[in-house]
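Colleague: Shown below is the structure under consideration.
Read-outs: derived from the displayed coordinates by stated rules, not from any lab. The model shown is predicted, which means the values in this text are computed figures rather than measured ones. Note that each Cβ is placed from the backbone with ideal geometry, even for glycine, and that neighbours are counted across all protein chains shown.
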Amino acid sequence: MTYDDLEEQYARLLRDYREGKGEAPLYGAQQLGKQLLARNVSPEELADLHGRALERLGPVPEFVRESFQILTEIMIEYGNAYRSIHSWRSRHQQLESEIAVASAMQQALLPQRLPSCPGVDVGLVSVPAKQMSGDYYDFVCHDSHRFSLAIADITGKGIPAAMCMSMLKYAIDGLGEMELGPAGILRHLNNVVERNLDPSMFVTMVYGRYDADVHRFCYATAGHEPGFLYRRAEDRFYDLEGRGAALGIAPGSTYEEREVELEPGDCLILLTDGVTERKVGRAYFQREELVSYLQGEVGVPAQEMANRLYHRLLLLSQFELPDDYTMIVLRRT
């Protein structure tokens, strides 16, 4: 449709409305408005279009014709704002496209299958609060009876978190060939993060190795949210102890290794702070309250336990997810 066609259509709408003042011309004006927006017609061009359409209907008083000069000048400022918004919208769409690519890259970095070892059941729930996640997890199978796992929380979200996740993934893969223990892995990762990450960012992590022959979990912690150890014989939960500076905080940091052995029915629950840091009404959720929820789910398979806890906590916080949520459950069968 040419500009003359738009002018003719506009004049026809004015004439129909002047003669009938019904709903049909108003509906036609709405549809024409959509066409004008699609053609990126600016406000000052619209003022000019209205003036030309009036002249098609007959003589226009001189003061009305002159008034459109004032209106056009005013609409120029609106047009500048319109073009600025249109430019911002284009940049926003481009950014959304880039975020979608980064999100797909994030998902490609995460393991597609959980480890399968005799005598141990593994469950996982990981849900980003937004399109991009600052949580990271990984599983590395060494043989049919041993696997390593990592669970981490990267400060910030968005594309910087995706880039950091990529760095962690390839660093862990490379270090896995060196047969280092968890403390050695964290020590080397700390050097990688400290050298390559912006000083305003850091990473908390638990890295551990599970041996299904003896059902022993050897792990080290880098400033991460403490997990839980459930002892079936005592029907009691303990905090999973461990200390160490977050990755990227200080060069040369060292980490201590700890071990726990699981008896049949015992569970390990590893998590990020998105599990515990939530508001319930006006109060913040406490770890002691989480233990009461965990207590009610310890008898079910690991994946079912992780799923139930996620949905119960989501219901508790009125279906709001204030932070990325990741939980890994290891249960000795």
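Colleague: Compute the signed sum of charges (Lys and Arg +1, Asp and Glu -1) over the other residues within less than 14 Å, Cβ to Cβ, of GLN286. Walk me through the intermediate numbers first.
Modeller: Details: positive: ARG278, LYS279, ARG282, ARG287; negative: GLU225, ASP239, ASP273, GLU277, GLU288, GLU289.
Charge balance in the 14 Å sphere: -2.
Colleague: Rounding to the nearest 10 and keeping the result within 0 to 90°, find how far the Cα-based axis of helix 62-109 lies from the longest principal axis of the chain.
Modeller: On a 0 to 90 degree scale, this one is about 20.
Colleague: While we're on this one: Under the rule of at least 5 residues apart or a separate chain, name every residue whose amide H is placed under 5 Å from the amide H of HIS224.
Modeller: Here MET205 satisfy the definition.
Colleague: When only Cα pairs under 8 Å and 6 or more residues apart are kept, what is the percent relative contact order across segment 74-159? Write out the running numbers ahead of the final one.
Modeller: Numbers: 71 pairs, mean separation 20.5, N = 86.
RCO, segment 74-159: 24 percent.
Colleague: Then there's this: Could you give me the ³J(HN,Hα) list for segment 319-329, computed from phi with Karplus coefficients 6.51, -1.76, 1.60 and θ = phi - 60°, whole Hz, x at Gly and Pro?
Modeller: Each residue's phi maps through the Karplus curve to give 6, 9, 10, x, 8, 4, 10, 9, 9, 10, 10 Hz.
Colleague: Another question about this same structure. Quote the relative contact order of the chain in percent (integer), defining contacts as alpha-carbon pairs under 8 Å separated by 6+ residues. If you can, show how the numbers build up before the last one.
Modeller: On the way: 541 pairs, mean separation 55.4, N = 333.
That works out to 17 percent.
Colleague: Another question, then. Is segment 112-332 rounded, prolate or oblate when judged by the Cα gyration tensor, a ≥ b ≥ c being the square roots of its eigenvalues, rounded requiring a/c under 1.5 and prolate requiring a/b larger than b/c?
Modeller: Working: a/c = 1.68, a/b = 1.11, b/c = 1.51.
Taking the square roots of the gyration eigenvalues as a ≥ b ≥ c, segment 112-332 is oblate.
Colleague: Per residue, how big is the convex hull of segment 3-102 when only Cα atoms are used? Give it in Å³. List each step's numbers first, then the result.
Modeller: Numbers: hull volume 10.7 nm³, N = 100.
Normalising the Cα hull of segment 3-102 by residue number yields 107 Å³.
Colleague: Any idea what angle helix 158-176 forms with the longest principal axis of the chain, computed on alpha-carbon atoms, 0 to 90 degrees, nearest 10?
Modeller: Around 30 degrees separate the two axes.
Colleague: Next question. Considering lysine pairs in the chain that are 8 or more places apart or on different chains, how many have Cα atoms under 30 Å apart? Spell out each step's value before the answer.
Modeller: Values: LYS21/LYS34; LYS130/LYS157; LYS130/LYS169; LYS130/LYS279; LYS157/LYS169; LYS157/LYS279.
So the count of such lysine pairs works out to 6.
Colleague: What angle do you read, to the nearest 10 degrees and between 0 and 90, between the alpha-carbon axis of helix 3-20 and the longest principal axis of the chain?
Modeller: Roughly 70 degrees, rounded to the nearest 10.
Colleague: At a Förster distance of 25 Å, what's the computed FRET efficiency of ILE76 paired with ASP5, Cβ-Cβ distance as r, to 0.05?
Modeller: For R0 = 25 Å, the calculated efficiency reads 0.50.
Colleague: Using the alpha-carbon centroid of each, what span in Å lies between segment 135-163 and segment 89-128?
Modeller: Their Cα centres are 11 Å away from one another.
Colleague: Compute the signed sum of charges (Lys and Arg +1, Asp and Glu -1) over the other residues within less than 15 Å, Cβ to Cβ, of ILE76.
Modeller: Numbers: positive: ARG83; negative: GLU44, GLU45, ASP48, GLU73, GLU77.
After counting each charged neighbour, the total is -4.
Colleague: Same structure, new question: Once you sort the root eigenvalues of the Cα gyration tensor of segment 204-300 as a ≥ b ≥ c, which label holds: rounded (a/c under 1.5), prolate (a/b larger than b/c) or oblate (the other case)? Could the numbers behind the result be given before it?
Modeller: Working: a/c = 2.76, a/b = 1.07, b/c = 2.58.
Verdict is oblate for segment 204-300.
Colleague: Further question: For segment 3-102, calculate the relative contact order in percent as a whole number, restricting contacts to Cα pairs under 8 Å that are 6 or more residues apart.
Modeller: Working: 50 pairs, mean separation 30.0, N = 100.
Normalised by residue count, the contact order of segment 3-102 is 30 percent.
Colleague: On a C-alpha basis, how far is the centre of segment 1-77 from the centre of segment 186-209 in Å? Whole number, if you could?
Modeller: Distance between centres, Cα-based: 62 Å.
Colleague: Just tell me the longest site-free run in the chain, where the sites are trypsin sites (Lys or Arg not before Pro) in a DSSP loop having at most 12 other beta-carbon atoms within 10 Å.
Modeller: Working: sites that count: LYS21, ARG39, ARG113, ARG243, ARG282.
Counting at most 12 other Cβ atoms within 10 Å as exposed, the longest clean stretch of the chain is 114-242.
Colleague: Also: Using a 10 angstrom cutoff on alpha carbons, build the Gaussian network for the chain and name the most mobile of GLN94, GLN35, GLN318.
Modeller: Most flexible of the set in this elastic network: GLN35.
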